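Before any comments, here is the structure.
Where a number appears in this text, it was derived from the coordinates with a stated rule and is not lab data. For clarity, every value in this text was computed on a predicted model and none was experimentally measured. Cβ coordinates were reconstructed from backbone atoms using ideal geometry, including for glycine residues, and neighbour counts include every protein chain displayed.
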Amino acid sequence: MADTLIVGGGSAGSVLAERLSADPAHSVRLLEAGPLWTSTETVPAELLDAAVLPIGPEVEWLWRYPVTLADDPPVPASIVRGKVIGGSGAVNGCYFVRATAADFAAWSRRLGGCAEWSFDAVLPVYRRIERDSDFGEQPWHSSSGPIPVQRSAVPSSVSAAFTAACLAAGFAEVPDLNAPTAGDGVGAVPCNCYQGRRISSALGYLLPALDRPNLNVAGGTYVTRIRFDGSRAVGVDYVRDGELGTEWADRIVLSAGAIESAALLLRSGIGDPDRLRALGIPVVHAAGVGTGFSDHLEIGLDYVLDADYASDAAESPAVALESVLEVGDIEIRPYAMSFTPGVRRLGVGLMRPHSSGVLRLRTADPADAPVLEHHYLTEERDRARLRAAVPIAAGLLRRMNARPLASIPERGDLDAWLYANLDTLQHLSGTCRMGLENDPAAVVDERCRVYGVTGLSIVDLSVVPVPLGRGPQATVLMIAEKAAAYLAT
């Protein structure tokens, strides 16, 4: 029986497993639903190539979920998550921008002013993660962490044209988007890659530790339910190769991601009592699991390049996104790779939406994907922010000599156009939010321990209590690093 059993070997779980097993007296068992590779040499090439997004319909290392992005009119979509050692960090675009000081100020307010998650408290943890080849000698960075961080030294002509357009439009240049004082402006995206390789937390943390005798990792193992003895978590049920089994441990940590961790809690009896009883699930503890989640939305502007930049089609950018423009809670994203031959995309991301979503179980059967309703654009504040941001993006396209495939309204009611071009950045968070014990929406405390039970923690994006102003990957690893210190005491 393990001292700590971790459910999910993704971005957070890989960090936790390595950090906790660094104590040879502490036994760690890690269960991952997707495939496990034990060395870099055995990892499929497309998972290593930072210039490839290995998320096509033919691959087997993904969770796939139907979702409804908006309600009136309904906007159906499909989202994916990494179902593989390293999780979504093994398949994403390597964007590694930290959340901002304003995000952590809001996070601390949700905890009644608790300093545990202030910017000053998390900055040393961010530093511990990285090996920044560009700014590693700066006091807010590091050159010795397990995750290499770098920016494109020679950006593609699309990225270069976008940066030039931003500067010509009067926006500032931001040399380091991860600097504590980084404000609005255009800057190069820091990425977790090295020599063209995507370096997930599985590669940076977990694989080098696999020979530790106190660390045991199993792939192809899907956890279906948490077992309780009264209100204490004591084990998990799983399916492996069609066979059912149970693992026991002194402590359970869920790191299955914001969707799967929440669904597992609900299937195990932690959630809305009325909904659980309706599905025939015995109630262990009432909690606001799945309510009010956040996810970054994107308005997509597809365009083609005129002759000045036509040669860009033959380029091979190192990563999907080499530069971005930050304008408050808007991030304008010029994708360096083409998702459709001959067509480019400029994304307008709303990074701190006020509209929030709901996750709930469809049935008690673990084989049935949960219901995910994002409720994008329900808040007028979100629509107003995007109505102001889209003309900025359209102006940048004009400066790039780019031609939108569809006309972009410059005045009047933009709302119908927003719905028609609505997409998601697939950064869902906050399904098991951190908060004060008297907060009915809170599921975990400031140390990621689940309220109402013992022996159970959650360490992944599901605990984030506020929308993050930047993409989440660097912050997921920071949460895992910080939680590992809590769990080790």
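List the extent of the Cα atoms of the chain along each of their three principal axes, largest first, rounded to whole Å.
66, 47, 46
At 0.36 nm per residue, minus the direct Cα-Cα distance, what do residue 438 and residue 173 gain on full extension? Give it in nm, one decimal, please. Each step should come with its number before you reach the end.
On the way: separation 265, 0.36 × 265 = 95.40 nm, distance 4.37 nm.
Additional length available on full extension: 91.0 nm.
Tally the DSSP beta bridges in the chain and give the antiparallel ones as a percent, rounded to 5.
Values: 64 of 89 bridges.
The antiparallel fraction comes to roughly 70 percent.
Using per-residue counts of other Cβ atoms within 10 Å, averaged over each peptide, order 88-98, 223-233 from highest down.
Working: 88-98: 26.0, 223-233: 17.2.
Packing proxy ranking, top to bottom: 88-98, 223-233.
What residue among 348, 186, 112 has its Cα farthest toward the positive end of the dipole of the chain, where the charges are +1 on Lys, Arg and -1 on Asp, Glu, each on the Cβ?
112
Given the C-alpha centroids of segment 148-190 and segment 220-237, what is the distance between them in whole angstrom?
Taking the Cα centre of each part, segment 148-190 and segment 220-237 sit 46 Å apart.
Taking θ = phi - 60°, what integer Hz values does the Karplus form 6.51 cos²θ - 1.76 cosθ + 1.60 yield along segment 414-430, in sequence order, with x for Gly and Pro?
Values per residue, Gly and Pro as x: 8, 4, 4, 5, 4, 4, 5, 10, 7, 8, 10, 7, 6, 10, 5, 8, x Hz.
Taking a virtual spin label 7 Å from the Cα of residue 286 along the C-beta vector, which residues in segment 226-270 bring their backbone nitrogen under 16 Å of it?
Counting backbone N atoms under 16 Å from the label point, the list is 269-270.
I'd like the orientation of helix 380-399 relative to the chain: the angle between its Cα long axis and the longest Cα principal axis, in ° from 0 to 90, rounded to 10.
Between helix and principal axis, roughly 50 degrees.
Using just the helices of the chain, give the 222 nm mean residue ellipticity in deg cm²/dmol: DSSP H runs with n ≥ 4 each add -39,500 (n - 2.57), and the total is spread over all residues, rounded to 500. The partial results should precede the final answer.
Values: 10 runs with 106 residues, N = 489.
Result for the chain: -6500 deg cm²/dmol, rounded to the nearest 500.
With θ set to phi - 60° and the Karplus curve 6.51 cos²θ - 1.76 cosθ + 1.60, what are the ³J(HN,Hα) couplings of segment 196-212 in order, to the nearest whole Hz, using x for Gly and Pro?
After applying 6.51 cos²θ - 1.76 cosθ + 1.60, I find x, 9, 6, 10, 6, 5, 5, 6, x, 10, 6, 4, x, 9, 5, 8, 5 Hz.
What's the magnitude of the charge dipole for the chain around its Cα centre, counting Lys and Arg as +1 and Asp and Glu as -1 at the beta-carbon? Answer in Debye, nearest 20. Could you put the intermediate results ahead of the total?
Working: 42 positive and 58 negative charges, 91 e Å.
Once rounded to the nearest 20, the dipole reads 440 debye.
Which order, highest average first, do 481-488, 384-391, 107-114 follow once you tally other Cβ atoms within 10 Å for each residue and take the mean per peptide? Write out the running numbers ahead of the final one.
Numbers: 481-488: 19.5, 384-391: 17.9, 107-114: 16.1.
Put in order of decreasing packing, that is 481-488, 384-391, 107-114.
Between residue 153 and residue 116, what FRET efficiency follows from the Cβ-Cβ distance if R0 is 35 Å, with the result rounded to 0.05? All intermediate terms of the calculation are to be shown ahead of the outcome.
Numbers: r = 37 Å, r/R0 = 1.07.
In this case the efficiency is close to 0.40.
What is segment 49-190 by shape, rounded, prolate or oblate, if you read a ≥ b ≥ c off the alpha carbon gyration tensor as root eigenvalues and call it rounded for a/c under 1.5, prolate for a/b larger than b/c, and oblate otherwise?
Details: a/c = 1.39, a/b = 1.20, b/c = 1.15.
Rounded, because the longest to shortest axis ratio a/c is under 1.5.
Taking R0 as 35 Å, what FRET efficiency do you get between residue 340 and residue 274 from their Cβ-Cβ distance, rounded to the nearest 0.05? Intermediate results must be reported in sequence, preceding the final value.
Numbers: r = 45 Å, r/R0 = 1.28.
Computed FRET efficiency for residue 340 and residue 274 comes out at 0.20.
Would you mind checking segment 147-165 for residues with the amide N under 13 Å from a putative spin-label position 7 Å along Cα→C-beta of residue 138?
Taking a point 7 Å out along Cα→Cβ of residue 138, the residues of segment 147-165 whose backbone N falls under 13 Å are 150-151.
I need the Kirkwood Rh of segment 207-299: take the reciprocal of the average 1/r across all distinct C-alpha pairs and report it in angstrom. All intermediate terms of the calculation are to be shown ahead of the outcome.
Details: mean 1/r = 0.0658 Å⁻¹.
Evaluated on segment 207-299, it is 15.2 Å.
Scan around residue 149 for amide H atoms under 5 Å from its own, H built in the peptide plane at 1.01 Å from N, and keep only partners 5 or more places away or cross-chain.
It is 131, 132, 133, by chain and number.
Please give the helix 119-129 orientation as an angle from the longest Cα principal axis of the chain, in degrees from 0 to 90, rounded to the nearest 10.
90 degrees
Each residue of segment 356-371 in order: what ³J(HN,Hα) in whole Hz does its phi give by Karplus 6.51 cos²θ - 1.76 cosθ + 1.60, θ = phi - 60°, with x for Gly and Pro?
10, x, 9, 10, 8, 6, 7, 8, 7, 6, x, 6, 8, 5, x, 7
Take the Cβ-Cβ distance between residue 358 and residue 420 as r, set R0 to 25 Å, and report the resulting FRET efficiency rounded to the nearest 0.05. Kindly include the intermediate steps, with their values, before the conclusion.
On the way: r = 23 Å, r/R0 = 0.94.
Once rounded, the FRET efficiency stands at 0.60.
Sorted by average packing, counted as other Cβ atoms within 10 angstrom per residue and highest first, what order do 429-435, 418-424, 145-151 take?
On the way: 429-435: 26.9, 418-424: 18.1, 145-151: 22.3.
Result, highest mean first: 429-435, 145-151, 418-424.
Can you tell me the orientation of helix 101-110 relative to the chain, as the angle in degrees between its alpha-carbon axis and the longest Cα principal axis, to the nearest 10?
Helix 101-110 sits at roughly 40 degrees to that axis.
Where does segment 337-479 land on Rg/Rh, using Cα atoms and the Kirkwood Rh?
Working: Rg = 19.1 Å, Rh = 18.1 Å.
The Rg/Rh ratio comes out at 1.05.
Pull out a ≥ b ≥ c, the square roots of the eigenvalues of the alpha-carbon gyration tensor of segment 131-204, then state rounded if a/c is under 1.5, prolate if not and a/b is larger than b/c, and oblate in the remaining case.
Numbers: a/c = 2.96, a/b = 1.54, b/c = 1.92.
The shape class here is oblate.
So how many Å³ per residue does the convex hull of the Cα atoms of segment 99-141 work out to? Before the final figure, lay out each step's value.
Values: hull volume 2.8 nm³, N = 43.
Spread over its residues, the Cα hull of segment 99-141 gives 65 Å³ apiece.
Just want to confirm a number: the relative contact order over the chain, from Cα pairs under 8 angstrom separated by 6+ residues, in percent.
Numbers: 1155 pairs, mean separation 107.4, N = 489.
Relative contact order of the chain: 22 percent.
For segment 70-88 and segment 25-42, compute the distance between their C-alpha centroids and round to whole Å.
25 Å
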